[in-house]
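Notes for the one structure printed next.
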Amino acid sequence: MQDKIRVAVLFGGKSAEHEVSLQSAKNVIEAIDKTKYEVVPVGIDKQGHWLTGDASHFLLNADDPKLIALNNAGTRVALAPTGDEVHLIPLDEAGPPSPVDVVFPVLHGPYGEDGTVQGLLKLADVPFVGAGVLGSAVGMDKDVMKRLLRDAGLPIPAFITLRRGAGADYDGIIARLGLPCFVKPANLGSSVGISKAKSPADLERAVADAFQYDHKVIIEEFIEGREIECSVLGNGEPMASVPGEIVPTHEFYSYEAKYIDENGALLKIPADLPEPVIKRVQDTAVAAFKALECEGMARVDVFLRGDDEVIVNEINTLPGFTRISMYPKLWEASGLSCTELIDRLIQLAIERHARDTKLKTAHEL
Ligand SMILES: Nc1ncnc2c1ncn2[C@@H]1O[C@H](COP(=O)(O)OP(=O)(O)O)[C@@H](O)[C@H]1O
Ligand SMILES: [Mg+2]
């Protein structure tokens, strides 16, 4: 029998979504097909150390989302390109390097979803799940993302980008975007630093707040509508899942609504939508995926204004993978189990790597 494919699952990380990532990783590791794959869990602690250990106890309080934590007892390792194979090398003690065939980054937010880890994996020449360096970086930067969506002719909310120190004409912004409007740090996630500004004073406060998280802030026109999400899967010819709906019980889908308040939002899977609207959401999601240079997977979030106007909000290149997360749930509702989905994602990673390996790297006469 052929050896099993060794999949390093990377999780945790230096991000506000560290704990969400632990839950996502737990789910991925539980669901992965053990007859085909051997899991090598690699937890990244909040200081950035990479730790590996036994797949059975890499988490503490694994079943309690409030207390879940990384088990720091693992061996510190580094990923190194060592010629033909990629290995995890132990750092603190002598030990055999452990080979890795594929990496599945289950990291959310900066230092995981933004192209930084993808750059490392690309340098190490190892196949990895999900978007590459460019798609990840573009998906993380809401300003660049929206400019590319606009360039592809996709409908987006009107927006203005502010850079630190450049000053802002608040009257002009309000005249153009109206109130309320949304203020966001350009490079973050989980609704951290996001405000809905209802008055000129609110707006100035919200901008100052957002600048605490990033050097670039975007202000967007408020879209009154339903929040619909769609999962996309594939490389060259991506497919879209059935759409789902998020119904926040808060003023908007804030950090509190996402992670603190258990009843912060209702997930409707699938979303109750007429067939032509489902088709429009799916086509828009696939078009956004392509426009943003995505590969492997992404969740595309849109607003549905009125009965049928689909407006793109954002793309998430490493969506949540917890048991209750939209990305795997929408595939389940589309007929693809979590185990099949993970299998497909790993195969897509291997296919892309094989395709890239065929590219010439030097001029040949
Ligand atoms: N332009 C907008 N109009 C209406 N609601 C918005 C707008 N932008 C964001 N929101 C609300 O804020 C939430 C978080 O914004 P989003 O851009 O998705 O940031 P994040 O990347 O942190 O999820 C959305 O899910 C939605 O509830
Ligand atoms: Mg969002």
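Assorted remarks:
- Selection from the range 257-282 of residues that are over 29 Å from E17 (Cα atoms) and in contact with an Asp or Glu (Cβ under 6 Å, 6 or more places away or on another chain): V277
- Within the range 241-255, residues that are hydrophobic (A, V, I, L, M, F, W, C) sit with their Cβ atoms under 7 Å from residues that are within 12 Å of ligand 1 (Cβ to nearest atom), at 6+ positions apart or across chains, in these pairs: I246/E227; I246/E229; I246/Y253; I246/A265; V247/A265; F252/K196.
- From the list D114, D143, the lone residue that is more than 25 Å from L304 (Cα to Cα), surrounded by 18 or more Cβ atoms within 10 Å (Cβ to Cβ) and either touching a residue at least 60 places away in the same chain (Cβ under 8 Å) or within 16 Å of ligand 2 (Cβ to nearest atom) (or both) is D114.
- Selection of first residues in the range 291-303 that are within 14 Å of ligand 1 (Cβ to nearest atom) and of second residues that are of a type in the set (S, T, Y) and outside any loop (DSSP other than H, G, I, E, B), restricted to Cβ pairs under 7 Å at least 6 apart or on distinct chains, gives the following pairs, ordered by first then second residue: R299/S231; R299/Y327; V302/T284.
- Screening T35 against (1) touching a residue at least 60 places away in the same chain (Cβ under 8 Å); (2) not in a strand (DSSP E or B) leaves a single unmet condition, (1).
- Members of the range 238-247 found to be assigned to a strand (DSSP E or B), crowded, with 17+ Cβ neighbours inside 10 Å and either of a type outside the set (G, A, S) or more than 14 Å from ligand 2 (Cβ to nearest atom) (or both), listed by number: A240, E245, I246
- K258 satisfies every condition listed in (1) part of a loop (DSSP other than H, G, I, E, B); (2) among the charged types (D, E, K, R); (3) under 22 Å from A298 (Cβ atoms) except (1).
- Qualifying positions in the range 252-273 - among the aliphatic types (A, V, I, L, M) and surrounded by 14 or more Cβ atoms within 10 Å (Cβ to Cβ): A257, A265, L267, I269, A271, L273
- Against the conditions (1) surrounded by fewer than 17 Cβ atoms within 10 Å (Cβ to Cβ); (2) within 15 Å of ligand 1 (Cβ to nearest atom), P276 satisfies every one except (2).
Conditions tested, residue by residue: (1) on the phi > 0 side of the Ramachandran plot; (2) within 12 Å of ligand 1 (Cβ to nearest atom); (3) at pLDDT below 95.
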{"site": "L188", "(1), (2), (3)": "no, yes, yes"}
{"site": "E221", "(1), (2), (3)": "no, yes, no"}
{"site": "E224", "(1), (2), (3)": "no, yes, no"}
{"site": "S231", "(1), (2), (3)": "no, no, no"}
{"site": "G234", "(1), (2), (3)": "yes, no, no"}
{"site": "M239", "(1), (2), (3)": "no, no, no"}
{"site": "H250", "(1), (2), (3)": "no, yes, yes"}
{"site": "Y255", "(1), (2), (3)": "no, yes, yes"}
{"site": "K258", "(1), (2), (3)": "no, yes, yes"}
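- Among the numbered conditions (1) in a helix (DSSP H, G or I); (2) surrounded by fewer than 14 Cβ atoms within 10 Å (Cβ to Cβ); (3) not hydroxyl-bearing (S, T, Y), the only one that A73 does not meet is (1).
- Considering residues of the range 174-223 that are β-branched (V, I, T) and assigned to a loop (DSSP other than H, G, I, E, B) only, the residue nearest to the chain's Cα centre (by Cα): V192
The values are calculated or read from the model by the stated rules, or taken from the named source; none is laboratory data. The model shown is predicted, which means the values in this text are computed figures rather than measured ones. Heads up, the Cβs are rebuilt from the backbone with ideal geometry, glycines too, and the neighbour counts pull from every protein chain shown.
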